[in-house]
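Notes to accompany the following structure.
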There are 2 protein chains.
Amino acid sequence: MTYRAPINDMLLALNHGAGLQAALKAGHYGDFDADMTAAVLEEAGRFASDVLAPLNTVGDKNGIKLADNKVTTAPGWPDAYARWTAAGWNGVSGPEAFGGQGLPLAINAACTEIWSASNIAFGLCPLLTLSAIEALDAHGSDELKKIYLEKLVTGEWTGTMQLTEPQAGSDVGALRSRAERQADGSYRISGTKIFITYGDHDMTDNIVHFVLARLPDAPAGTKGISLFLIPKFLVNADGSLGERNDIHASGVEHKLGMHASPTCTMTMGDKGGAIGYLIGEENRGMLCMFTMMNQARLGVGLEGVGIADRAYQQALAFAQERKQGRGIGSKTAGMDPIIVHPDVKRMLMQMRVMTAAARTICYATAVALDISARSPDAKVRTEAAARGALLTPIAKAFSTDIGNEVTSLGVQIHGGMGFIEETGAAQHYRDARITAIYEGTNGIQSIDLVTRKLAASGGEAVWALLDELGGIVSRVEASNDPAFGTTGAKLRDALGSLERSSKWLLEKLASAPNDALSGATPYLRLFGSALGGCMLANEALAARDIDGGSDATRYVTVARFFAENVAVQAGSLERTVMDSSESVMSADAVLLA
Amino acid sequence: MTYRAPINDMLLALNHGAGLQAALKAGHYGDFDADMTAAVLEEAGRFASDVLAPLNTVGDKNGIKLADNKVTTAPGWPDAYARWTAAGWNGVSGPEAFGGQGLPLAINAACTEIWSASNIAFGLCPLLTLSAIEALDAHGSDELKKIYLEKLVTGEWTGTMQLTEPQAGSDVGALRSRAERQADGSYRISGTKIFITYGDHDMTDNIVHFVLARLPDAPAGTKGISLFLIPKFLVNADGSLGERNDIHASGVEHKLGMHASPTCTMTMGDKGGAIGYLIGEENRGMLCMFTMMNQARLGVGLEGVGIADRAYQQALAFAQERKQGRGIGSKTAGMDPIIVHPDVKRMLMQMRVMTAAARTICYATAVALDISARSPDAKVRTEAAARGALLTPIAKAFSTDIGNEVTSLGVQIHGGMGFIEETGAAQHYRDARITAIYEGTNGIQSIDLVTRKLAASGGEAVWALLDELGGIVSRVEASNDPAFGTTGAKLRDALGSLERSSKWLLEKLASAPNDALSGATPYLRLFGSALGGCMLANEALAARDIDGGSDATRYVTVARFFAENVAVQAGSLERTVMDSSESVMSADAVLLA
């Protein structure tokens, strides 16, 4: 089963749901020429269908191999990576001064969805490189940039992010890897990192590791962490590769999914310490990490969107082919394809609309991050930064929760075949599962949303967003289009729930913070449901005005289904946020009895 | 990580939530002496912890092997099965005349949960044997019973149920296996069956296959299907094993989970046809299947409960050990166990209460089936049969959906470790996935609930149940116990939603059946949420009266958390049932565009 990028859906989401067109008109994108957007996505889609999608099963079946501290990827992977970078896909949004195309994040977001959908384990590698680029570009010295940045932007070398240690997962501040200052200004780093994605592989000549470690005199906790660049091979003055550095993969994990993506234990210091170079200032490593967190989290959200869309496409094709039973009033001879059954239609629609909502939320996050970097107007940049910061945890957690739910529905639609690995539906289900965990668990995203993003400036970013979303609902209501069904009313209710929950949480943050924390997860779900519902409605309104509304029925139905099946949960989620903190906080009586 | 059967929770669920005590008092259980219940469960729990739980990982890692049409199970499995049958566990609820203990289904239901929790792939084998026993006991000739029934009841031989063929999954009527009458009264069967659980294995000397096939002159569809008993080895007149029959495993599936349970392709007729014996009447095979469907579906529901509880126990232990971050206001030095974080508490509570609700629903189904078979009063038997029929699809689908959700939360609580197979959390997640599919997909359960069970006698069984549940809510309200929080109000609302949705569906079944079908899945979820909430509240009320209420806080908190986090969704599910059929039925405009 192959994958085809849903270009029309993506363009509508990008241009209208996520507001790219409006931002362009308002001049927030500077001199970016958006005419090529469709062509870029179509080309990305072709590459993904032709090269990456067929390798997805190959990667799952073959996995990776570790021998002599060297990782070998699955057959065909190094070649595919070479073709992918040669075509320029690694540098879509990379800085032009270093070989990138300098396109907006929004365009790269759509591409990231495409790579993830066609081959999520493949697409993960450049996601990490992207974070490395961001860290180096923002905080690296000119000398380090000169040596490493272009290689990373073009993808000639890949990057890794090394935070986690056995005792330091979500609590990064607990890490223990040590860095010693050297007379020449470099550092010697030793320690062990775990769960390092693409920590080693055979797709490039060199790998540039970005490693968090602690200086001997560093303060405890997150304020004593520094970020170092550690190349797998040292780089000579002429740019050629020098000696092998003292960092290597000493183990790989046997995982539920993402079999083709090596998850390495990295050992530094067997021979006296890996040579590393400081990024930014000593003890300010967490600041560098925070810089790149938005993009990395958005990238994982897009993995959720991509894997969900892949699962949807496969389930849809299966439901049109597989014949079982007969529809009510069916006049065909023999069995009907299972797509005639209302319960199957419901599952497929659920998959479709959840994916669409997550897609638009992710794209909107990218647009906000773009504007925060590109707008000529400082006030616009500031507001966009706040919007981007607010949307990021939702883009990450809502989309990856949906990735899990949609891939599970994909298995379900396949019936017994879904449980058989050969079918491929189960691979999506397995692969998706990590996205809700890495790059900050979804629980941590929820807490970030409540304690930092909602709380910033007394909720200002939320109120501004609610205002905009309310405008969309008014336009749905004013359309008087019966095809919207109860969409307007459902979204109006959802926004009310979001507003009341937000106010309640703000109050509790001050008076009873554990109560606020206990409502964080249902609040994020409520936020995503209300936001996604309004965005899909906005797309439907736009579709009514494009090409004489030829696609309007489709997108209005998508918006309606989402409103009536997903956004409608806002009311009960509001009650859960507000009413259940007492039972959460009495949990010990149950759990520890 | 081992497993300990939660005996206290199980006894409260059985005796009070599921109504065993009340049924005993009312005389519905005849002369059954319930005093031994606790002792049976404790003994089952010990066996499960000591023998079965340690083999769960062994089975997952080693899987099964097929060579020369013979399946070999994982190391230690044949021995464990021998010990399990020797201890009498296969015959707990089997007929006493054939070597069983004749205990109620309710007791066996609790045992089934224990086998599934400790080792779901192991427990699946006797579940199938149980169905075989039921079919043979109800419909087999005395001669067949004499030869086969005791062997099946003791577990000396196992049973298989063979319905599925490549073109005939949910649509059993489409099967093509052929049966030819023989002069001696036996039949020769040929054809291919797929997805046959424990179709072959090395744990017993013989296997008794129950196979659906079609006679040459049979009518098309489900009215032309007959049920045959086909032994792996023919049985001589003296009871000794004779020739190998013409049925064998020709393939095994590579599955997402349940690796230790062989899922076989069975081939019959390579040598002229497998010798089989008719069960019941010709062309009445579906009737025999329906007889045993309630118990089999309940068994799968209990698998959902069991795997959920296993995942919960593992996640709870991990959350108490794993240290990351600090709780608000924590005074300890260093990091706290993650269980201090409200979001982790929420996840654990969600796991706990969902499992508890599913457990009680399953046990209540067993009690209803017991009463329908045991009560001396015919009217009571009839009503109980209707109750059991109504609850069965909910027990199956709600519990297995919950099995998937709870095992997913179990992975999430483990963070990055959850994605690593070594941890074991991922195995539960993989193993659970099939339970929502086999023995009738959960979509089919929902359709069964709406079109058959709700529709029976104009909803009579639902109204009778609503009456009872309303009484529980009144007692919660009358208790004036502030620890219940908003439990009473939430459950009252949920019952209102259930009643209105039920009436709406009954109307639509007559006027627009596709609308009713499109609401079936959210309706089942609504039903399970309202029902489970009331049952947990009933348990909490009982706990307040037992042992001076020493456990009351625990069970009241469980009931409250469920009401405020799960049952509270009833309102939005009601709206989904009633408002979304138009968007489901317009789905083609989206899906086929």
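The values are calculated or read from the model by the stated rules, or taken from the named source; none is laboratory data. Keep in mind that this is a model prediction, so the values were computed, not measured. Backbone-built Cβ (ideal geometry, glycine too); neighbour counts: all protein chains shown. Only protein heavy atoms, including side chains, enter the accessible area calculation; ligands, DNA and RNA are left aside. Shrake-Rupley method; radii C 1.70, N 1.55, O 1.52, S 1.80 Å.
Quick look at the numbers
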item: Within region B:152-171, considering residues that are more than 10 Å from chain A (Cβ to nearest Cβ), open to solvent by 10 Å² or more (accessible area, probe 1.4 Å) and not in a strand (DSSP E or B), the one modelled with the lowest pLDDT; result: B:Leu163
item: The one condition in (1) surrounded by fewer than 24 Cβ atoms within 10 Å (Cβ to Cβ); (2) within 26 Å of B:Met266 (Cα to Cα); (3) hydrophobic (A, V, I, L, M, F, W, C) that B:Phe98 fails to fulfil; result: (2)
item: Hits in region B:277-333 (condition: open to solvent by less than 10 Å² (accessible area, probe 1.4 Å), over 16 Å from the mean Cα position of the chain (by Cα) and away from chain A (no Cβ under 11 Å)); result: B:Ile279, B:Gly285, B:Cys288, B:Ala311
item: Selection status of B:Asp184, of a type in the set (Asp, Glu), open to solvent by 10 Å² or more (accessible area, probe 1.4 Å) and modelled with pLDDT under 95; result: no
item: Options A:Tyr29, A:Tyr81; residue that is open to solvent by less than 60 Å² (accessible area, probe 1.4 Å) and part of a helix (DSSP H, G or I); result: A:Tyr81
item: Residue within region B:403-412 that is part of a helix (DSSP H, G or I), more than 30 Å from B:Val344 (Cβ to Cβ) and among the hydroxyl-bearing types (Ser, Thr, Tyr) present; result: no
item: Among (1) farther than 14 Å from B:Met349 by Cα; (2) at the interface with chain A (Cβ under 7 Å from one of its Cβ atoms); (3) in contact (Cβ under 8 Å) with a residue 40 or more places away in the chain, the one test that B:Val558 misses; result: (1)
item: Subset of region B:220-231 (residues that are away from chain A (no Cβ under 14 Å) and open to solvent by 20 Å² or more (accessible area, probe 1.4 Å)); result: B:Lys223
item: Pairs, first within 11 Å of chain B (Cβ to nearest Cβ) in region A:247-267, second β-branched (Val, Ile, Thr) and part of a loop (DSSP other than H, G, I, E, B), C-beta under 6 Å, six or more apart; result: none
item: Residue that is surrounded by the fewest Cβ atoms within 10 Å (Cβ to Cβ) [pool: residues in region A:472-488 that are small (Gly, Ala, Ser) and farther than 11 Å from A:Ala537 by Cβ]; result: A:Ala478
item: Close pairs (6 angstrom Cβ cut-off, 6 or more residues apart or separate chains): over 23 Å from A:Val300 (Cβ atoms) in region A:370-392, part of a helix (DSSP H, G or I) and open to solvent by 30 Å² or more (accessible area, probe 1.4 Å) anywhere; result: A:Ser375/A:Arg381; A:Arg381/A:Ser372
item: Residue match in region B:212-226 (condition: closer than 29 Å to B:Asp431 by Cβ and of a type in the set (A, V, I, L, M)); result: yes
item: Among (1) within 18 Å of the chain's Cα centre (by Cα); (2) farther than 23 Å from B:Ala368 by Cβ - the single one B:Ser131 does not satisfy; result: (2)
item: Residue match in region A:63-76 (condition: open to solvent by 20 Å² or more (accessible area, probe 1.4 Å) and part of a helix (DSSP H, G or I)); result: no
item: Qualifying residues in region B:562-588 (those that are open to solvent by less than 30 Å² (accessible area, probe 1.4 Å) and outside any helix (DSSP H, G or I)) - the one modelled with the highest pLDDT; result: B:Val566
item: Any chance B:Ala542 is of a type in the set (A, V, I, L, M), more than 27 Å from the chain's Cα centre (by Cα) and open to solvent by 10 Å² or more (accessible area, probe 1.4 Å); result: no
item: Test result for B:Arg346, over 30 Å from A:Ala587 (Cβ atoms), among the basic types (Lys, Arg), in a helix (DSSP H, G or I) and over 14 Å from the mean Cα position of the chain (by Cα); result: no
item: Filtered residues of region B:418-434 (kept if facing chain A (nearest Cβ under 8 Å) and not acidic (Asp, Glu)); result: B:Gly418, B:Phe419, B:Ile420, B:Ala426, B:Tyr429, B:Arg430, B:Arg433, B:Ile434
item: Region B:405-417 - residue that is of a type in the set (S, T, N, Q) and touching a residue at least 24 places away in the same chain (Cβ under 8 Å) and, of those, farthest from the other protein chains (Cβ to nearest Cβ); result: B:Thr407
item: Elements of type strands (runs of 3 or more DSSP E) in region B:200-263, at least 1 residues being farther than 16 Å from B:Ile189 by Cβ and touching a Leu at 6+ places or on another chain (Cβ under 7 Å); result: B:233-235, B:241-244, B:247-252
item: Which listed residue is within 11 Å of another protein chain (Cβ to nearest Cβ), over 23 Å from A:Leu526 (Cα atoms) and either in contact with a Lys or Arg (Cβ under 9 Å, 6 or more places away or on another chain) or touching a residue at least 40 places away in the same chain (Cβ under 8 Å) (or both), from B:Thr553, B:Thr576; result: B:Thr553
item: Residue in region A:108-128 that is surrounded by 22 or more Cβ atoms within 10 Å (Cβ to Cβ), among the small types (Gly, Ala, Ser) and closer than 23 Å to A:His248 by Cβ present; result: yes
item: Only listed residue being closer than 15 Å to A:Gly528 by Cβ and surrounded by fewer than 24 Cβ atoms within 10 Å (Cβ to Cβ), chosen from A:Leu449, A:Leu469; result: A:Leu469
item: Index of the failed condition, A:Gly440 passing every other in (1) more than 10 Å from every other protein chain (Cβ to nearest Cβ); (2) assigned to a helix (DSSP H, G or I); (3) surrounded by fewer than 24 Cβ atoms within 10 Å (Cβ to Cβ); result: (2)
item: Count - residues of region A:349-385 that are assigned to a loop (DSSP other than H, G, I, E, B) and of a type in the set (D, E, K, R); result: 1
item: Any hit, region A:353-360, residues being in contact (Cβ under 8 Å) with a residue 12 or more places away in the chain, within 14 Å of chain B (Cβ to nearest Cβ), open to solvent by 10 Å² or more (accessible area, probe 1.4 Å) and within 16 Å of the chain's Cα centre (by Cα); result: yes
item: Residue that is farthest from the other protein chains (Cβ to nearest Cβ), among those in region B:334-352 that are in contact with a helix residue (DSSP H, G or I) (Cβ under 8 Å, 6 or more places away or on another chain) and closer than 23 Å to A:Ala220 by Cα; result: B:Pro337
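Table: residues versus (1) farther than 30 Å from A:Trp77 by Cα; (2) open to solvent by 10 Å² or more (accessible area, probe 1.4 Å); (3) acidic (Asp, Glu).
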site	(1), (2), (3)
A:Arg188	yes, yes, no
A:Asp205	no, yes, yes
A:Leu212	no, no, no
A:Ala218	yes, yes, no
